[in-house]
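First the structure, in the form of structure tokens, and then the observations on it.
The values are calculated or read from the model by the stated rules, or taken from the named source; none is laboratory data. All of these numbers come straight from a predicted model, not from anything done at the bench. Glycine gets a Cβ as well: all are built from the backbone with ideal geometry, and neighbour counts include every protein chain shown. Surface areas here come from the heavy atoms of the whole protein model, side chains and all, with no ligands, DNA or RNA. Shrake-Rupley method; radii C 1.70, N 1.55, O 1.52, S 1.80 Å.
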Amino acid sequence: MSTAIRDKLCWYADQGGLVQLALALRGEQNPSYARIQALARGIVDGLEPLCRAGFVPIVAVEADQAKVLGQAMAALVSGPLLCLDGVGMDNGDYIDIGAPVAGGSVLPIVIKTLAFHKS
């Protein structure tokens, strides 16, 4: 998994190098503890170049498992990390993350998909 993530990082680099991005995953139904740990290690290893460049790892999981995945990842990274669940995204989508509301218990997000006119 880490190799696939590192390969995709190159797709989103600009002339200045890596840019902040979010890794979107579908997630799995009822993953085991061992599977979550392996997934967390793969994600952290894959996103290591992004972290080294000073960016915060952001993971958006469509399935309801961001809390446990985030806890597993937090044990492997130093510094901040954001793991969201209930977020469905596709390649090339943009995510805007707002400031926390409702006493910090809610984080508003907007997913943007670019549409191009074909002439």
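Structure values in brief
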read-out: Complete set of residues in the range 13-28 that are in a loop (DSSP other than H, G, I, E, B), open to solvent by 40 Å² or more (accessible area, probe 1.4 Å) and within 12 Å of VAL61 (Cβ to Cβ); value: ARG26, GLU28
read-out: Which listed residue is assigned to a loop (DSSP other than H, G, I, E, B), under 17 Å from LEU21 (Cα atoms) and either out of contact with any strand residue (DSSP E or B) (no Cβ under 7 Å at 6 or more places or on another chain) or at pLDDT below 90 (or both), from GLY104, GLY88; value: GLY88
read-out: Inter-residue pairs, beta-carbon under 8 Å, first free of Cβ contacts under 8 Å to residues at least 60 places away in the same chain and in the range 98-119, second in a loop (DSSP other than H, G, I, E, B) and open to solvent by 80 Å² or more (accessible area, probe 1.4 Å), 6+ apart; value: VAL106/PRO100; LEU107/PRO100; THR113/ASP90
read-out: Options ALA40, ALA4; residue that is in a helix (DSSP H, G or I) and open to solvent by 50 Å² or more (accessible area, probe 1.4 Å); value: ALA4
read-out: Top-ranked residue of the range 60-85 - restricted to ones that are part of a loop (DSSP other than H, G, I, E, B) and either in contact (Cβ under 8 Å) with a residue 40 or more places away in the chain or touching an Asp or Glu at 6+ places or on another chain (Cβ under 7 Å) (or both), ranked as nearest to ILE43 (Cα to Cα); value: GLN65
